[in-house]
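First up is the structure itself, then whatever we jot down about it.
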Ligand code: DP6
């Protein structure tokens, strides 16, 4: 699958089934980028490749019911935690409009989408990655019902392709624990169109890698990532940044293979701060870190210096801090988080997560 046209569902194929109605339920996790996607071209094509760890506990669970209707057109109801949620509809409407040329059958059905998150809604954790990934695999289940001959590889790639059209980072939440999205010369099979599971052996040092998410600010995002990505157009440092992301991804590939945790810490923290540096140097400019974000970062540095435990942080487009560390250091780091870092979180709230595997069909 090398071009977007490979993902167009061919209607009127002899082998296709007719399906009147049905329902599927899938869960999809969130993911945390280590090399960041920040900046995009038309049609949700990333300006640079990115690499993420898939999470395990932070998930969206979505049931998609579908029933054939007479007239053609996009039609759906949206429930969030069992209640109608009008506010989420425009994003889904836009998603359906973007994917209908690849999935023309969606115009034949009325959908009821019922979605819940395992993480609290107002936690400042973006649900767009897990939400769009969960919806994309559900749509692909509908497509597989129409075309049972579909291969598993096609299912996963097209699910990622569709999720990308909903939210770029969502394409990294479909399958695998370490996922690369975006064309990169030394990552075989990498594509701007979808995420792939890292096609190389990842060192045991990273097995079950831990991610504790410190909820520094649970409020609405000050700037949506879509707006943030746009600010990379005409950004004075954009081209250098895109070049650097390629270099960092090559280097990270090497680090993940060799298991060098000191190099991992340096690269991951540098990526996080570079992401925020891009925001601070765009026009208009933003500071998404809060004083407590910096308090936490300083304490992580002191703790690392003192204990030599290779714990590090990364950030997404907000004030929350992801604390990353090897599984074997869980007791020591968790005690540190409880004693020294939790006081910088809103209501002392943090979420203990770790590396996971991607989407799961529930029924
Ligand atoms: C900082 O995937 O949320 O988390 O494609 O516009 O939906 P859209 O953006 P989104 O951007 C994620 C930005 C990031 C970095 C990353 O996840 O790679």
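The values are calculated or read from the model by the stated rules, or taken from the named source; none is laboratory data. Treat the numbers as computed from the prediction; the structure is a model and nothing was measured. Every residue, glycine as well, gets a Cβ built from its backbone with ideal geometry; the counts of neighbours run over all protein chains shown.
Quick check on the range 322-338. Is at least one of its residues touching a residue at least 12 places away in the same chain (Cβ under 8 Å), within 26 Å of residue 228 (Cα to Cα) and either within 14 Å of the ligand (Cβ to nearest atom) or surrounded by fewer than 18 Cβ atoms within 10 Å (Cβ to Cβ) (or both)? Working first, answer last.
Filtering the range 322-338 for residues touching a residue at least 12 places away in the same chain (Cβ under 8 Å) gives 322-327, 329-330, 332-334, 336-337.
From the residues that got through so far, the ones that are within 26 Å of residue 228 (Cα to Cα) too are 322-324.
Then keep just the ones that are either within 14 Å of the ligand (Cβ to nearest atom) or surrounded by fewer than 18 Cβ atoms within 10 Å (Cβ to Cβ) (or both); that gives 322.
Within the range 322-338, one or more residues are touching a residue at least 12 places away in the same chain (Cβ under 8 Å), within 26 Å of residue 228 (Cα to Cα) and either within 14 Å of the ligand (Cβ to nearest atom) or surrounded by fewer than 18 Cβ atoms within 10 Å (Cβ to Cβ) (or both).
Looking only at the range 120-128, decide whether some residue is over 29 Å from residue 345 (Cα atoms), outside the structural domain of residue 321 (by TED's automatic domain parsing) and within 16 Å of the ligand (Cβ to nearest atom). Step through it out loud before you land on a result.
Our first condition is that a residue be over 29 Å from residue 345 (Cα atoms); within the range 120-128, this holds for none.
Scanning the range 120-128, I find no residue that is over 29 Å from residue 345 (Cα atoms), outside the structural domain of residue 321 (by TED's automatic domain parsing) and within 16 Å of the ligand (Cβ to nearest atom), so the answer is no.
At least 1 residues that are touching a residue at least 60 places away in the same chain (Cβ under 8 Å), within 14 Å of the ligand (Cβ to nearest atom) and not assigned by TED's automatic domain parsing to the domain that holds residue 53 in each: list the strands (runs of 3 or more DSSP E) lying fully within the range 143-240 that qualify. Spell out the reasoning first.
Numbers: elements: 178-181, 195-197, 210-214.
Once the strands (runs of 3 or more DSSP E) in the range 143-240 are filtered for at least 1 residues that are touching a residue at least 60 places away in the same chain (Cβ under 8 Å), within 14 Å of the ligand (Cβ to nearest atom) and not assigned by TED's automatic domain parsing to the domain that holds residue 53, what remains is 210-214.
Going through 77, 6 one at a time, which residue ends up being touching a strand residue (DSSP E or B) at 6+ places or on another chain (Cβ under 6 Å), more than 16 Å from the ligand (Cβ to nearest atom) and without any contact (Cβ under 8 Å) to a residue 40 or more places away in the chain? Step through it out loud before you land on a result.
Working: 6 fails: touching a strand residue (DSSP E or B) at 6+ places or on another chain (Cβ under 6 Å).
Being touching a strand residue (DSSP E or B) at 6+ places or on another chain (Cβ under 6 Å), more than 16 Å from the ligand (Cβ to nearest atom) and without any contact (Cβ under 8 Å) to a residue 40 or more places away in the chain holds for just one of 77, 6, which is 77.
Scan the range 20-52 residue by residue and report those that are within 27 Å of residue 114 (Cβ to Cβ) and surrounded by 17 or more Cβ atoms within 10 Å (Cβ to Cβ).
Initially, the range 20-52 is screened for residues within 27 Å of residue 114 (Cβ to Cβ), giving 20-32, 44, 52.
Selection gives 24, 25, 26, 27, 28, 29, 30, 31, 32, 44, 52.
Give me a count of the residues in the range 1-19 that are over 23 Å from the mean Cα position of the chain (by Cα), closer than 17 Å to residue 165 by Cβ and surrounded by 14 or more Cβ atoms within 10 Å (Cβ to Cβ).
Number satisfying all stated conditions: 1.
Within the range 339-363, can you find the residues that are touching a strand residue (DSSP E or B) at 6+ places or on another chain (Cβ under 8 Å) and part of a loop (DSSP other than H, G, I, E, B)?
To start, the set of residues in the range 339-363 that are touching a strand residue (DSSP E or B) at 6+ places or on another chain (Cβ under 8 Å) comprises 341-342, 344-345, 350-363.
Once the filter is applied, which keeps residues that are touching a strand residue (DSSP E or B) at 6+ places or on another chain (Cβ under 8 Å) and part of a loop (DSSP other than H, G, I, E, B), the range 339-363 yields 345, 356, 357, 359, 362, 363.
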